[in-house]
1. Compute the signed sum of charges (Lys and Arg +1, Asp and Glu -1) over the other residues within less than 15 Å, Cβ to Cβ, of Thr196.
2. Tell me which residues come under 5 Å, amide H to amide H, from Ala31 once H is placed; ignore anything under 5 positions away on its chain.
3. May I ask you to evaluate 6.51 cos²θ - 1.76 cosθ + 1.60, the Karplus curve with θ = phi - 60°, for each residue of the stretch 131-144 and list the ³J(HN,Hα) values in order in whole Hz, giving x for glycine and proline?
4. Which far-off residues, 5 or more places away or on another chain, put their amide H under 5 Å from the one on Tyr135, with H placed in the peptide plane?
5. Out of residues 5 or more away from Thr90 or on other chains, whose amide H comes under 5 Å of its own, with H placed 1.01 Å from N in the peptide plane?
6. How large is the Kirkwood hydrodynamic radius of the stretch 151-203, in angstrom, based on all distinct alpha carbon pairs?
7. Efficiency by 1/(1 + (r/R0)^6): what FRET value for Asp39 and Arg193, r their Cβ-Cβ distance, R0 = 22 Å, to the nearest 0.05?
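Each value in this text was obtained by applying a stated rule to the coordinates, not by laboratory testing. Quick caveat, the model's predicted, so the values are computed rather than measured. Using ideal geometry, Cβ is built from the backbone for each residue, glycine included, and neighbour counts are taken over all protein chains shown.
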Amino acid sequence: MRDRSLPWRVLALCVVMFASSGCAFIRGSAAGTAFVERDQQHLRLPSAEDALAFRPIAYLSPYTYVEYARARSGDGRSEALLYRTRGLGTALDLDPRHLNAFTRQWVFNSGGATLTWQQPRPARFAPTGIHYRRYQLHRPGEAGSRDCVAFLKRWDFQSLDPLHRPGRGYFGYTCRPPGVALTTADVAAYLQRIETATPSLPDFYIGQRVPRDPQALAQARGQADVRWGITAFPYDRTRHYPLGGSHNGGS
């Protein structure tokens, strides 16, 4: 006699695998990049203009949410990626010690650009918990250098993760126009004006269809404008850890 419960057993097994270490079939079945409505935006960067001209872009999968935000003020600029894990057994690899490498991922900070770090290591701005590191940026074709600061924040640390990594965080940078100074007071004021929100995310279900917008993906990756974006978007920093048992470094 045919066992009619077999499909449900397979589904239950996959759900258990997803909760503990991530089910590759599920993870790959519903992921996409699209523009985000502003009332669903997670991250807002300080800006004197461009706030209404740019629509935030997000990557969504069953195990992570990544949002790309940017802002412009004259020839000054800011960009950032916000991360939010989804599901059990997921955490973020967002170590402030790697802020140098994260910062070089941005299109604006690569492609022949020279970064000169003005601090030996990231410092922590106590009022906000943001780690930051100042640098000067010289880009080919620009007269003079830009004063910039890279920043990173982590929160919602996972109590079940053996490495106690965060479940939410962001990193990014802001640069002044060439020749315009970025003072210590300017850095403090900027970091205090970064805003985050936590709109609800869609529930995941088997067979879910996630919007995929090629224009949004191209814009986030700097293919639509070579001065903006991050080539590796979504630059996924999600790591999986086992629920119970020994830790093997994640996947």
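1. Numbers: positive: Arg38, Arg44, Arg84, Lys153, Arg154, Arg168, Arg193; negative: Asp39, Glu67, Asp156, Glu195.
That works out to +3.
2. Hits under the 5 Å cutoff: Val210.
3. The phi angles translate into 8, 9, 8, 7, 8, 10, 10, 10, 10, x, x, 9, 7, x Hz.
4. For Tyr135, whose amide H was placed from the backbone, the distant partners under 5 Å are Gln118, Cys148, Val149, Ala150.
5. Under 5 Å from the amide H of Thr90: Tyr241.
6. Answer for the stretch 151-203: a Kirkwood hydrodynamic radius of 14.0 Å.
7. E(calc), rounded to 0.05, equals 0.65.
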